[in-house]
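Structure, as structure tokens:
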Amino acid sequence: MNVQHHLDAQGKDERVSHIVVMGIGEPFDNYDNTLDFLRIVNDQKGLSIGARHITVSTSGLADKIYQFADENMQVNLALSIHAPNNELRTRIMKINRAYPLEKLMPAIDYYLEKTNRRITFEYILLDDVNDHVEEAKQLVELLKDKRHLSYVNLIPYNPVADHPYERSRKQNILKFYETLLENNINCGVRVEQGSDIDAACGQLRSKQIEKAKKKKKVSAS
């Protein structure tokens, strides 16, 4: 809403046309407010953005996915999966301890059956962690009965100072992508922008945190 107000104040004849609810914080942890926001931006008296141009991204709160499916909204759903097995996913995502794949995937099945809408699986590729052909084959197995309503968005990782991970090598990204395609999994590799100036996903937050730490040290001295 603030972005649209800013554009209007600048006298620009531009409209916010797409929204993705994601980033710092889990949208489904703030479920009621998230739903209120979605309805407001979709309403003609709000931003009048079509529901199919709005996406909610979740890290996998299974109980909320069931609830969201029952809302009967046309809003898109994306799931940050990032690993095809529990051991690896728990290493990468602590949420998997509460909602392991055996709880999460039935919720996804329910969503697909209830809405008949395609779901996007977000998969960040981490060098020598989850980017091997073995993991690609496991992902195929996990999604094989959902092929008709699934899309895998492969995301090259943006290096962040406070994390130990590195971006997958190009040849590994290509092999992973080709393995999915060969097994009839709809997928693509996200085109990254801004990583060369530390402005890509995750990098701006890390940069601001580091600035705040340095400022605090200077103030303390």
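Some values worked out for this structure:
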item	result
Cross-chain or 6+ apart pairs with Cβ under 6 Å, segment 143-171 first and within 16 Å of Asp128 (Cα to Cα) and without any contact (Cβ under 8 Å) to a residue 12 or more places away in the chain, then of a type in the set (Ser, Thr, Tyr) and outside any loop (DSSP other than H, G, I, E, B)	none
Qualifying residue in segment 53-64 (condition: surrounded by fewer than 17 Cβ atoms within 10 Å (Cβ to Cβ), closer than 24 Å to Tyr151 by Cβ, among the aliphatic types (A, V, I, L, M) and out of contact with any Pro (no Cβ under 9 Å at 6 or more places or on another chain))	no
Residue in segment 87-96 that is assigned to a helix (DSSP H, G or I), among the β-branched types (Val, Ile, Thr) and either free of Cβ contacts under 8 Å to residues at least 24 places away in the same chain or at positive phi (or both) present	yes
Test: residue in segment 110-125 that is more than 22 Å from Phe28 (Cα to Cα) and either surrounded by 15 or more Cβ atoms within 10 Å (Cβ to Cβ) or free of Cβ contacts under 8 Å to residues at least 60 places away in the same chain (or both)	yes
Residue satisfying all of: in segment 135-159; under 22 Å from Ser57 (Cα atoms) and among the polar types (S, T, N, Q); modelled with the lowest pLDDT among these	Asn158
Restricting segment 160-211 to residues that are over 19 Å from His82 (Cβ atoms), surrounded by 12 or more Cβ atoms within 10 Å (Cβ to Cβ) and among the charged types (D, E, K, R), the residue that is modelled with the highest pLDDT	Glu178
Filter result for Tyr99 (at pLDDT 95 or above, more than 30 Å from Val133 (Cα to Cα) and not hydrophobic (A, V, I, L, M, F, W, C))	no
Residue check for Ala136: in contact (Cβ under 8 Å) with a residue 24 or more places away in the chain, closer than 14 Å to Tyr177 by Cβ and out of contact with any Cys (no Cβ under 8 Å at 6 or more places or on another chain)	yes
Any hit, segment 53-75, residues being in a loop (DSSP other than H, G, I, E, B), over 20 Å from Lys114 (Cβ atoms) and at pLDDT 95 or above	yes
Conditions (1) surrounded by fewer than 19 Cβ atoms within 10 Å (Cβ to Cβ); (2) touching a Leu at 6+ places or on another chain (Cβ under 9 Å); (3) among the polar types (S, T, N, Q): number failed by Asn130	(1)
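The values are calculated or read from the model by the stated rules, or taken from the named source; none is laboratory data. The shown structure was predicted, so the numbers you read here are calculated from the model rather than taken from an experiment. All Cβ positions, even for glycine, are placed from backbone atoms using ideal geometry, and neighbour counts span all protein chains on display.
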